[in-house]
Amino acid sequence: MRARFLSILAYVGAGITLLVAVCVPFVLINGFSNVVGSLGLHLNPEYTGGTVARTIQRDGYRIEVYQPVRPRMLQRTEPFVQIAFEPADALPAHVSEDIDLNGDGRPDVRVSFAVLADANAKMHGDVTALDGRYVSLVNVADESFSRMVVRADNRVVVRVPVR
Amino acid sequence: MAESSSTIRASVVARPPAFRSLGWSALLTLPMALWALLMFTPVFRGAGHDRQIAAALTIAFTTVLFFLMMRTGETYRWRRIFFVAVGFLFPIGFIASLIAERGSMSIPLSRMVAGDTPFCFMVTPSLILPAAFARTVIFPGAIMPSATNPHSIALMIGLWFAMTLVLGKAWCSYACFFGGIEEGFAAIPKRRRLHRFVTKYGAILRLIPWAILVFVVLASAALFEPVYCMWMCPFKTVTEFPAVRNVETAVQFGVFIALFFGLVVALPLLTKKRTQCGFFCPFGAFQSIFNKINLFEIRFDREKCVDCTLCQTNCPTVALSKESIKEGKTLLNCMKCGACVDVCKKDAAVWHLKGTPVAVKPERARLLFLYGAWAMATMFGGSILANSIVTMIHWIPGK
């Protein structure tokens, strides 16, 4: 009797598995994707640059200054601050900006780079530290996640190491 | 129990060619043919001729293989043809799309910062601890699909989880587009070498993927980076890899190449085993856990079994031991490829639905499993095949 009951249960389970298989492309992929999307997860700030602290508006473009990103646990990335210039296609051919990173009203770094016509060309730029808490970078491109001047989609992302 | 050289050399061909009549085989194939048509219906509604040709070829390919499974009663041989095709064609379509998009297989930091890295399911176990304790995803992609990255993290995890509910560990023999590469290389030699070594140390070798799984999960959580992707994935060699820009990234690239040619090419050619899957892949170990909740398995009818160990010899991932065969079971890492069932001359190795008596209506269990597994294979692997065929159509001069 028990064996028969188990067999019936097994075939019901197999039927449900087949039903799940049929539902995968039509319902389940999107359903599970939405569940993952609704978990409130965020990408590692090492990749995104973290949270925007404030936005500086310029003529035709804006500069987003991010909060400093500090490594967690044994993370190998050195601390950095991200500055994003966007839209990249509205930037002048050469950018040189003094930027206040910590919001104290005084410039902390001078960022300068040339905006290349070819959006896929490798960019280079300089960061001059005006405050001892930041690290100067000379002719930097994409050395590491904390030292870079790169074009990412329609933005120019600059990352300055923090001491 | 002694294994003669002829036993060791035996290939996975044991059944008579006509297991089932043409009519019955066609009838049983009909649902899969309709499913394949359904999967590619959008292509026939509006896509270009190249995509329609690719879809038609893919439908024909998957349907014929399923028909042959029904007709011959063999699973492994026909599944392997599909799986190897997906494994070898996936890099073609994927690399072509990378070259078209960014001009290189390497991914520069700028693309990672932009969230344009396509998500790979292999990283899934590494994401669990940082997501659970820091609500952070340690992969440089996009969480939800975007115009520049349709293969988002949420979508790919949703796809993997949905398919895993159906397949369990059979993911590794019906869905993983990497496993087909080494299965292809393992199919080439006629004779298997290092057989004694693999048999003698099988118990230890089987533990390595679990050890690597524990290591990558803990190391990824501690370092807050996908350690397996950054340092250990052999398949970076045929997909994408961090751009070489310093000594560290050069070493990473060297490791990827060494692991690929060692575990995916050389050792499968020597052993006729899926050595990367069986002795290295942490995702495979992770996927084994889902065998516990999957209803389908392979069992051994002890009344018929003569302990010839032909099944153990032919198992591609060392998922059988003498002890497990004596208990009438496979080990947890069995990926339900069907090699042992097809090779067994005594019909002792059988497909089984958990909860039912062993070796009673095993073909019914096989059919129930195959309909779900082949539906997933057609949906996932089929789209990979079609995409790669489109790429190759574009290579034809004048196209």
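Suppose we keep only residues that are surrounded by 20 or more Cβ atoms within 10 Å (Cβ to Cβ) and among the hydrophobic types (A, V, I, L, M, F, W, C) within the range B:28-56. Which one would you say is farthest from B:Asn387 (Cα to Cα)?
Step one: of the range B:28-56, the residues surrounded by 20 or more Cβ atoms within 10 Å (Cβ to Cβ) are B:29, B:32, B:35-36, B:39-40, B:43, B:54-55.
Next, from what is left, pick out any that are among the hydrophobic types (A, V, I, L, M, F, W, C): B:32, B:35-36, B:39-40, B:43, B:54-55.
Values: B:Met32: 20, B:Trp35: 18, B:Ala36: 15, B:Met39: 13, B:Phe40: 12, B:Val43: 11, B:Ala54: 7, B:Ala55: 9 Å.
The selected residue is B:Met32.
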**Prompt:** Which is charged (D, E, K, R) and within 20 Å of the chain's Cα centre (by Cα), of B:Lys169, B:Lys190?
**Reply:** B:Lys169
**Asked** Which of (1) within 14 Å of chain A (Cβ to nearest Cβ); (2) within 28 Å of B:Phe88 (Cα to Cα); (3) of a type outside the set (A, V, I, L, M); (4) in a helix (DSSP H, G or I) does B:Glu297 not meet, given it meets every other one?
**Response** (4)
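Checking the condition within 24 Å of B:Phe369 (Cβ to Cβ) and modelled with pLDDT of 90 or more, which residue from B:Ile81, B:Ile95, B:Ile53 passes?
Details: B:Ile95 fails: within 24 Å of B:Phe369 (Cβ to Cβ); B:Ile53 fails: within 24 Å of B:Phe369 (Cβ to Cβ).
Exactly one residue qualifies, and that residue is B:Ile81.
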**Message:** Being within 13 Å of A:Phe145 (Cβ to Cβ) and within 7 Å of chain B (Cβ to nearest Cβ) is the filter here; which residues of the range A:29-45 pass it?
**Reply:** A:Leu43, A:Asn44
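Wholly within the range B:208-287, which helices (runs of 4 or more DSSP H) include no fewer than the required count, namely at least 3 residues that are buried (at least 24 other Cβ atoms within 10 Å of the Cβ)? Don't jump to the end; show me each part of the working.
On the way: elements: B:247-259, B:267-271, B:275-279.
Filter on the range B:208-287 gives B:275-279.
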**Request:** Quick one: B:Phe161 ticks every box in (1) among the aromatic types (Phe, Trp, Tyr); (2) crowded, with 24+ Cβ neighbours inside 10 Å; (3) within 16 Å of the chain's Cα centre (by Cα); (4) facing chain A (nearest Cβ under 8 Å) except a single one, so which number is it?
**Result:** (2)
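When residues of the range B:111-162 are filtered for being small (Gly, Ala, Ser), in contact with a Pro (Cβ under 8 Å, 6 or more places away or on another chain) and more than 15 Å from A:Val35 (Cβ to Cβ), how many remain? Explain how you work it out, then say what you get.
Residues of the range B:111-162 small (Gly, Ala, Ser): B:114-115, B:126, B:131-132, B:134, B:141-142, B:146-147, B:152, B:154, B:158, B:162.
Those still in the list that are in contact with a Pro (Cβ under 8 Å, 6 or more places away or on another chain) too: B:115, B:126, B:141, B:152, B:154.
Imposing the further condition that a residue be more than 15 Å from A:Val35 (Cβ to Cβ) reduces the set to B:115, B:126, B:141.
The qualifying residues number 3.
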**Prompt:** Looking at this structure, is B:Leu109 under 26 Å from A:Met148 (Cβ atoms), aliphatic (A, V, I, L, M) and in contact with a strand residue (DSSP E or B) (Cβ under 6 Å, 6 or more places away or on another chain)?
**Reply:** yes
**Complete:** Taking the range A:124-135 and keeping only residues that are under 22 Å from the mean Cα position of the chain (by Cα) and part of a loop (DSSP other than H, G, I, E, B), one is left with A:His124, A:Val135
**Request:** Looking only at the range B:318-325, decide whether some residue is over 30 Å from A:Leu9 (Cα atoms), surrounded by fewer than 23 Cβ atoms within 10 Å (Cβ to Cβ), among the hydrophobic types (A, V, I, L, M, F, W, C) and touching a residue at least 60 places away in the same chain (Cβ under 8 Å).
**Result:** no
**Selected residue [more than 7 Å from chain B (Cβ to nearest Cβ) and modelled with pLDDT under 95] from A:Glu78, A:Glu64** = A:Glu78
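Here is a check on your reading of the model: is B:Ile107 over 30 Å from B:Lys354 (Cα atoms) and buried (at least 20 other Cβ atoms within 10 Å of the Cβ)?
In short, yes.
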**Request:** Taking only the range B:164-178 into account, find how many residues are closer than 13 Å to B:Ala375 by Cβ, assigned to a helix (DSSP H, G or I) and among the small types (Gly, Ala, Ser).
**Result:** 1
**Request:** Consider only pairs whose beta carbons are under 6 Å apart and that are at least six residues apart or on different chains; among these, list those whose first residue lies in the range B:111-132 and is more than 13 Å from B:Ala285 (Cα to Cα) and whose second residue is of a type in the set (Asp, Glu) and assigned to a loop (DSSP other than H, G, I, E, B).
**Result:** B:Ala114/A:Asp153
**Prompt:** Applying the selection to the range A:99-123, what residues are within 21 Å of A:Pro87 (Cβ to Cβ) and in a strand (DSSP E or B)?
**Reply:** A:Ile99, A:Val111, A:Ser112, A:Phe113, A:Ala114
**Item:** Any pair with Cβ under 8 angstrom, 6 or more apart, that starts in the range B:136-150 at a residue that is more than 7 Å from chain A (Cβ to nearest Cβ) and ends at one that is assigned to a loop (DSSP other than H, G, I, E, B) and aromatic (Phe, Trp, Tyr)
**Value:** B:Phe139/B:Phe119; B:Gly141/B:Phe119
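Being closer than 15 Å to A:Tyr61 by Cα and buried (at least 18 other Cβ atoms within 10 Å of the Cβ) is true for just one of A:Phe85, A:Phe145, A:Phe80. Which residue is that? It would help to see each step written out before you state the result.
Values: A:Phe145 fails: closer than 15 Å to A:Tyr61 by Cα; A:Phe80 fails: closer than 15 Å to A:Tyr61 by Cα.
Answer to the selection: A:Phe85.
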**Prompt:** Does B:Gly158 satisfy the criteria of being in a helix (DSSP H, G or I) and farther than 15 Å from B:Phe121 by Cα?
**Reply:** no
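Between A:Leu116, A:Leu130, which is surrounded by fewer than 19 Cβ atoms within 10 Å (Cβ to Cβ) and more than 30 Å from B:Gly103 (Cα to Cα)?
Numbers: A:Leu116 fails: more than 30 Å from B:Gly103 (Cα to Cα).
Exactly one of A:Leu116, A:Leu130 is surrounded by fewer than 19 Cβ atoms within 10 Å (Cβ to Cβ) and more than 30 Å from B:Gly103 (Cα to Cα), namely A:Leu130.
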**Item:** Which numbered condition B:Thr63 fails, given (1) within 14 Å of chain A (Cβ to nearest Cβ); (2) of a type in the set (Ser, Thr, Tyr); (3) buried (at least 20 other Cβ atoms within 10 Å of the Cβ)
**Value:** (1)
**Complete:** Of the candidates B:Leu218, B:Leu213, the one satisfying the condition of being touching a residue at least 40 places away in the same chain (Cβ under 8 Å), within 14 Å of chain A (Cβ to nearest Cβ), within 18 Å of B:Phe139 (Cβ to Cβ) and out of contact with any strand residue (DSSP E or B) (no Cβ under 7 Å at 6 or more places or on another chain) is B:Leu218
**Prompt:** Just for the range B:75-106: of the residues that are more than 13 Å from the chain's Cα centre (by Cα) and among the small types (Gly, Ala, Ser), which one is farthest from B:Glu297 (Cα to Cα)?
**Reply:** B:Gly103
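The values are calculated or read from the model by the stated rules, or taken from the named source; none is laboratory data. Because the structure is predicted, anything quoted here is derived from the model rather than measured. Cβ atoms come from the backbone with ideal geometry, glycine included; neighbour counts cover every protein chain shown.
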